[in-house]
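S.K.: First the structure, which I've put down as structure tokens, then a few questions once you've had a look.
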Amino acid sequence: MMYVVGHKNPDSDSICSAIALAYFLDAFPARLGELNPESQFILKRFGLMEPELIKTAEGKELFLVDHAEKSQNLDDFDKGKLIGIIDHHKIGISTTEPIIYLSKPVGSTASVISELYFRGILDIIGGKNKELKADIAGVLLSAILSDTLLFKSPTATPLDKELAEKLADIAGISDITAYGMEMLTAKSTVGKMTSEEILHIDYKPFDMSGKKVGIGQAEVIDMSEVASKKEAIQNLIDEMIEKEGYDMVLFLLTDIMKEGSEVLVAGNKSAFETAFELKLDGKSVFIDGLMSRKKQVVPPLEKYYSN
């Protein structure tokens, strides 16, 4: 039995890509955590069921989407059989056997899947060139808009925009911008969440040259939604340094409208300052233009720790 599954603390690209790829592979979509408000909005909008929550890899064939990091998968990942990976991040996993692997530097995993469909080459990953139904087109479109922050993210490419327009036609979305703002509004309901829920809404651990590094991110339209909870979030990441063996934990509060992020820092502050060539004023700093964890945060940290 094959499951298509994204990473822990799944975002919309992880959930939507799992659903779409499972459709083309005749597999089962799965998830490793609870849906965030934006993903709930998307599935309700297109009338789709939540992917199955799985807690073990044992006895399962796994096709990963939206990550290639063992630390972001099931704890007993090695007990399953890895079939393939479709992603748009760096390679962070090694295998003992050949697998299907396809990654591309675009704005979302959904873009990679969509391109395979429109080029009619899903067979290269073992998929079937089925009819692209409106609901599947809708979740693929939504994932692209979510991961590219409505094309504001530096990860967005012309291909993402081209694919989004094609998907919108099939999904019956006449105004991509208006629909994208509905999604971002749903995403930006963090004001109703606890500090711990906000911290883990999109949190990923990384192994950087043997050092444990955590990076979380919450994207908001109005920063005032979370202003009163920043201190509590800072306390939580400070505790993670003390109790969970992290060298550094960062939390990005990304202001979608201002196109920048306030970065809360815990742990190895000198490493952060060196990697980003700046000085912290206390425990946080606002960085204009910082929108993407994948493209703007992970690479300088990887470079620092590798040296």
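The values are calculated or read from the model by the stated rules, or taken from the named source; none is laboratory data. In this text the structure is predicted, and so the values were computed from the model without any measurement. Note that each Cβ is placed from the backbone with ideal geometry, even for glycine, and that neighbours are counted across all protein chains shown. Accessible surface is based on the protein model in full, side chains and every heavy atom, while ligands, DNA and RNA are left aside. Shrake-Rupley method; radii C 1.70, N 1.55, O 1.52, S 1.80 Å.
S.K.: Check the straight Cα-Cα distances from Lys229 and name the lysines below 24 Å, setting aside those fewer than 8 residues away within the same chain.
M.R.: Filter leaves Lys8, Lys187, Lys192, Lys204, Lys243, Lys258, Lys269, Lys279, Lys283.
S.K.: Given charges of +1 on the Cβ of Lys and Arg and -1 on the Cβ of Asp and Glu, with all other atoms neutral, how large is the dipole of segment 173-299 about its Cα centre, in debye to the nearest 20?
M.R.: 300
S.K.: Compute, for the chain, the length of the dipole vector about the Cα centre, with Cβ point charges of +1 (Lys, Arg) and -1 (Asp, Glu) only. Units Debye, rounded to 20.
M.R.: Roughly 360 debye for the chain.
S.K.: How large is the dipole of segment 1-70 about the Cα centre if only Lys and Arg carry +1 and Asp and Glu carry -1, each at its Cβ, rounded to the nearest 20 debye?
M.R.: 100
S.K.: For Ile144, what charge total do you get from the other residues with a beta carbon under 9 Å from its beta carbon, if Lys and Arg give +1 and Asp and Glu give -1?
M.R.: -2
S.K.: Return a whole-number percent for the relative contact order of the chain, with Cα pairs under 8 Å and 6 or more residues apart as the contact set.
M.R.: 14
S.K.: If you don't mind, there's one more thing I want to ask. On the accessible surface of segment 190-307, probed at 1.4 Å, how many percent belong to carbon and sulfur atoms?
M.R.: 47
S.K.: Moving on. Placing +1 on the Cβ of each Lys and Arg and -1 on the Cβ of each Asp and Glu in segment 66-114, which of Ser103, Ala68, Ile93 has its Cα farthest towards the positive end of the resulting dipole?
M.R.: Of the listed residues, the answer is Ser103.
S.K.: Right, next: Give me the extension gain from Thr177 to Glu242: residue separation times 0.36 nm, minus the current Cα-Cα distance, reported in nm with one decimal.
M.R.: Fully extending the segment from Thr177 to Glu242 adds 19.1 nm.
S.K.: Something else about it: What does the accessible area per residue of the chain come to in Å², with a 1.4 Å probe and no ligands, DNA or RNA counted?
M.R.: The answer is 43 Å² per residue.
S.K.: Right, something else. Would you work out if segment 40-120 is rounded, prolate or oblate? Take a ≥ b ≥ c from the square roots of the eigenvalues of the alpha-carbon gyration tensor; rounded if a/c is under 1.5, else prolate when a/b is larger than b/c, oblate otherwise.
M.R.: Judged from the Cα gyration tensor, segment 40-120 comes out oblate (a/c at least 1.5, b/c at or above a/b).
S.K.: Of the options Ala232, Ser174, Gly126, report the single residue whose Cα projects farthest towards the positive end of the charge dipole of the chain (beta-carbon charges: Lys, Arg +1; Asp, Glu -1).
M.R.: Gly126
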